[in-house]
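Input: a single structure, listed below in structure tokens.
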């Protein structure tokens, strides 16, 4: 059991940091008007980190292992500790200007935005209930929770291992994790003042923002709340033939489910932001092997070969790795969603079967026969939702193309003397030059592009060769 104690951060001196109280609208300035250098953020002592490991020998060849652990993280990019408090007034100001109406301009290019001095703008602001200046409209704020909130991960596994004859071992494991007080999305923050879709068409975007009526704020806020959660569950199977008699083999299969929240519309309706992780690949297969060719000195065949013959036939090793992964998830959209909403998700209604036999780059999922031009219009599996609502299809409901790659390498070792040896390596990545496609265009009713694939997976590489010499002594 560990007890990790974290205290709130402090700035170096008075006036070097600011914090916005969203309950009163006031800007708390470090070292001013009774505000401490920690900007009144409360610490937490709920940071116990237990660890547990159990191993039980079921038989002479079978072992059951169980493990559990909890860990804490200090975040990234100032999400918990760091630069957040120095990105606010009176140190720095980021202007976030919004038009008064949906078709109004923010400012003209010849006039530009209203000049703003972070060091003095608060002097002219009205005071809040505690005598502190209120945050002006149009200035983005970086906001932290009033109580320190650390991202927490609980991880556990149950593994059954069994030893077979001929240096072969197999195992089956359930591995899971749960994240608490983690980010909504990958950036660490979400807009605390994002507008609701309720009232679309009757109220302006600003009028539908949570803090517009309360404080007149129309700007975006970057809230580092660490208030989301995620989870991961997997079945992991492994078979391994340890290196002996000149070769080794490894096979690994994982079936997994990973769910989390993204930051879009999270502040209004978190359920709409929940779904499979953007990087979740439900099935992963990994096969690898090492084989020393049985020729040359010290090997099964030609062990008494002369130096010339051993130079050609001896010292060869072949290595291979094959990877296959199921596709990445994505969320479908539709063409004219900007006419139906101006915030949140662009999703159609799902009313039918979205699976397609033999999908390819020219059509990965069923699409409409024509654009959805009217609300409530149905075409195949899709329907255009009612104006002012989000479609029913869930986040990351569809899955894109799988990924596979075969890597192959050849090593040749030359003994120069008893002390020195040189190894030549020829390594090929994506040896078969397999094309790994990117996800398709997610629009269900966009002519010429709906459901089609126009590129390759960002991390995929065409066949590559690299050559190296390694000196061993």
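All of the numbers you see were taken from the coordinates with simple rules; none came from a lab. Quick caveat, the model's predicted, so the values are computed rather than measured. Please note: Cβ atoms are built from the backbone with ideal geometry, for glycine as well, and neighbour counts cover all protein chains shown.
A few notes on this one:
- Mean Cα-pair separation over length for the chain, i.e. relative contact order, pairs under 8 Å, 6 or more apart, %: 10
- Calculated FRET efficiency, residue 313 to residue 472, Cβ-Cβ distance, R0 = 22 Å: about 0.65 to the nearest 0.05.
- Applying 1/(1 + (r/R0)^6) with r as the Cβ-Cβ distance of residue 377 and residue 323 and R0 = 35 angstrom yields a FRET efficiency of 0.25.
- Its DSSP H runs of at least 4 residues, each contributing -39,500 (n - 2.57), put the calculated 222 nm mean residue ellipticity of the chain at -500 deg cm²/dmol, to the nearest 500.
- Computed from the Cβ-Cβ distance with R0 of 60 Å, the FRET efficiency linking residue 242 to residue 111 stands at 0.20.
- Of the residues 89, 293, 309, 45, the one with the fewest other Cβ atoms within 10 Å heads the list, and the complete ranking is 45, 309, 293, 89.
- Length added when fully stretched, residue 414-residue 86, from 0.36 nm per residue minus Cα-Cα: 112.1 nm
- Mean Cβ neighbour count within 10 Å, used as a protection proxy, ranking 161-168, 277-284 highest first: 277-284, 161-168
- Neighbour counts of other Cβ atoms within 10 Å put 19, 431 in the fewest-to-most order 431, 19.
- Stretch gain in nm, segment residue 207-residue 170, where the contour uses 0.36 nm per residue and the Cα spacing is subtracted: 7.2 nm
- Estimated distance in nm for a label pair at residue 362 and residue 147, the labels positioned 7 Å out from Cα along Cα-to-Cβ: 6.0
- Given their separation in residues at 0.36 nm each and the Cα-Cα distance between them, residue 433 and residue 370 gain 19.0 nm when the chain is fully extended.
- Residue order, fewest to most surrounding Cβ atoms within 10 angstrom, among 324, 345, 255, 3: 3, 255, 324, 345
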